[in-house]
2 protein chains.
Amino acid sequence: MKQIQKKNEGTRFKRTPQRLAILEYLEGNTSHPSAEDIFRVVSKRYQSMSFATVYNTLNTLTRAGELRELTIDPERKRYDPDTSRHHHLICVLCGKIADIPEKIGVELPKDMAEHFVLLGHHIEFYGHCSSCQKKNKAK
Amino acid sequence: MKQIQKKNEGTRFKRTPQRLAILEYLEGNTSHPSAEDIFRVVSKRYQSMSFATVYNTLNTLTRAGELRELTIDPERKRYDPDTSRHHHLICVLCGKIADIPEKIGVELPKDMAEHFVLLGHHIEFYGHCSSCQKKNKAK
DNA sequence: ATAATGCTTAGAATAATTATAATTTATTCA
DNA sequence: TGAATAAATTATAATTATTCTAAGCATTAT
């Protein structure tokens with residue numbers, strides 16, 4: 001008799017060494033890395049690591065809700081291991097992305113939300129970060 | 001003696017027929033089209049139109065502040081001829097993007113904004129649009 | 001007219017991401 | 001424990017979006 005599959009997210013996919021290495025790198029990481037960033041770091045310790053594995057793992061984790069795919073950087077996808085509701089602060093000069101906790105109440109105008117099932121929202125704040133300001137002053 | 005260049009944005013670049021065709025298509029367009037969408041439509045009327053011209057024009061217009069480049073769709077860039085401050089409502093089922101006027105006040109927590117020169121913000125609301133809801137009910 | 005400048009074109013090049021096929025590694029369960 | 005099965009990894013090819021390049025055209029200024 002086939003047992004009911006465990007609902008536990010953590011055991012839903014095989015914990016291969018490659019995946020563990022990627023997960024370990026992402027754990028607590030607030031730098032919003034791209035696939036390439038992840039590959040660069042993780043492949044150093046794990047010689048045979050393939051780029052495809054990075055993408056596969058990221059897609060798997062995203063589908064499982066363990067990871068958030070960010071569409072903030074126009075050049076590439078970024079990944080955020082923090083899947084809780086929060087927003088982002090982007091420096092338009094250096095591209096750095098910082099987290100903003102969600103303590104900001106935002107309401108959609110009623111007439112717009114009426115015909116929409118609203119699932120969530122994401123705010124991108126953009127501006128100049130402190131280190132870029134210093135750099136510019138120095139000139 | 002070299003004359004001072006006109007500051008007027010509208011006359012800063014040549015109004016070639018290709019550019020006019022693209023501009024005409026974008027005028028008042030609220031569908032947030034991709035470069036390909038634009039190419040498909042405009043090249044029908046303008047046989048010789050090249051894809052590179054579409055990209056060149058879009059980049060030129062974006063740099064000139066006549067067009068907003070949207071980083072909402074993870075697959076490709078979208079373009080919005082409405083450069084006024086406003087937000088977007090995205091159907092995660094069909095990908096349609098609607099406009100939301102900016103009458104929503106949003107404040108950054110003070111401690112975060114302190115070291116940042118804040119230039120603006122953009123909110124993405126996501127959910128299910130009415131036509132996708134109907135489609136799902138029909139099943 | 002001629003030169004200079006900027007635009008368009010076709011196609012090549014690049015970069016990010018996904019697909020494929022063969023092999024290897026986990027997991028299951030007898 | 002150890003086959004059988006399922007899933008993951010790898011290397012590489014393929015795809016897609018976008019940018020670059022080089023040559024020709026058009027427009028403007030001389």
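The values are calculated or read from the model by the stated rules, or taken from the named source; none is laboratory data. The model shown is predicted, which means the values in this text are computed figures rather than measured ones. Because the Cβ atoms are built from the backbone with ideal geometry, glycine has one as well, and the counts that use them run over all protein chains shown. Calculation scope for accessible area: heavy atoms of the full protein, side chains included, ligands and nucleic acids excluded. Shrake-Rupley method; radii C 1.70, N 1.55, O 1.52, S 1.80 Å.
Structure values in brief
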read-out	value
B:Gly65 in contact with an Asp or Glu (Cβ under 9 Å, 6 or more places away or on another chain), open to solvent by 20 Å² or more (accessible area, probe 1.4 Å) and not assigned by TED's automatic domain parsing to the domain that holds B:Arg12	no
Residue that is farthest from the other protein chains (Cβ to nearest Cβ), among those in segment A:58-70 that are near DNA strand C (Cβ under 9 Å from one of its atoms) and not aliphatic (A, V, I, L, M)	A:Asn59
Residue in segment A:49-57 that is in contact (Cβ under 8 Å) with a residue 40 or more places away in the chain and either near DNA strand C (Cβ under 10 Å from one of its atoms) or among the acidic types (Asp, Glu) (or both) present	no
Selection within segment B:80-96 - touching a residue at least 40 places away in the same chain (Cβ under 8 Å) and more than 12 Å from chain A (Cβ to nearest Cβ)	B:Asp80, B:Pro81, B:Asp82
Some residue of segment A:104-124 being in contact (Cβ under 8 Å) with a residue 40 or more places away in the chain and within 10 Å of chain B (Cβ to nearest Cβ)	yes
Residue within segment A:31-47 that is within 14 Å of another protein chain (Cβ to nearest Cβ), modelled with pLDDT of 95 or more, surrounded by 12 or more Cβ atoms within 10 Å (Cβ to Cβ) and more than 9 Å from DNA strand C (Cβ to nearest atom) present	yes
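Conditions (1) of a type outside the set (S, T, N, Q); (2) touching a helix residue (DSSP H, G or I) at 6+ places or on another chain (Cβ under 7 Å), marked per residue:
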residue	(1), (2)
A:Pro81	yes, yes
A:Lys96	yes, no
A:His115	yes, yes
A:His121	yes, no
A:Ser131	no, no
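Conditions tested, residue by residue: (1) closer than 27 Å to B:Asp99 by Cβ; (2) open to solvent by less than 40 Å² (accessible area, probe 1.4 Å); (3) touching a Pro at 6+ places or on another chain (Cβ under 6 Å).
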{"residue": "A:Glu69", "(1), (2), (3)": "yes, no, no"}
{"residue": "A:Asp82", "(1), (2), (3)": "no, no, no"}
{"residue": "A:Ile90", "(1), (2), (3)": "yes, yes, no"}
{"residue": "A:Cys94", "(1), (2), (3)": "no, no, no"}
{"residue": "A:Lys103", "(1), (2), (3)": "yes, no, no"}
